[in-house]
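Comments concern the structure below.
The values are calculated or read from the model by the stated rules, or taken from the named source; none is laboratory data. None of these values were measured; they are calculated from a predicted model. Cβ placement follows ideal geometry from the backbone for every residue including glycine, while neighbour counts extend to all protein chains displayed.
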Amino acid sequence: MENDYEMSSPGVRTLYFGSIAVYRNYVTLGQVQRALAEQMEDAVLRKPHRLLGNILLEKNWITEEQMKSILDEMGWSNKVGERSWDRNLAATISH
């Protein structure tokens, strides 16, 4: 059941992505915190939601390969297509 909760909760999913990125030394905790702050700022300003991985990628703090590797570990690799994963993932976790 815990895994089902992780799969359905955007907040847990975001933290999970960030935790893996830090654990693998792809980014620092500070970088994840700054990206999460940007994500919250976007929400306050009613900007379109950006996934944590996309923010880290936009800042060149992770590579596409690192992002895909994290998504693989999270179990998203077989559920989304190459390059379109962000739209599909955002739609899936927002329901």
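Considering only segment 22-33, state which residues are of a type outside the set (A, V, I, L, M) and in contact (Cβ under 8 Å) with a residue 24 or more places away in the chain.
Going through segment 22-33, the residues of a type outside the set (A, V, I, L, M) turn out to be 23-26, 28, 30-31, 33.
Within segment 22-33, Arg24, Tyr26, Gln31 qualify.
With Leu57, Leu51 as the choices, which residue is at pLDDT 95 or above and within 13 Å of the chain's Cα centre (by Cα)? Steps first, answer last, please.
On the way: Leu51 fails: at pLDDT 95 or above.
Criteria check complete, one pass: Leu57.
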message: Give all pairs with beta carbons closer than 8 Å in which a residue from segment 44-58 that is more than 14 Å from Ile20 (Cβ to Cβ) meets a residue that is in a loop (DSSP other than H, G, I, E, B); count only pairs at least 6 apart in sequence or on separate chains.
response: His49/Ser94; Leu57/Thr63; Glu58/Arg50
field: Verdict on Leu45 being hydrophobic (A, V, I, L, M, F, W, C) and either surrounded by 11 or more Cβ atoms within 10 Å (Cβ to Cβ) or under 12 Å from the mean Cα position of the chain (by Cα) (or both)
entry: no
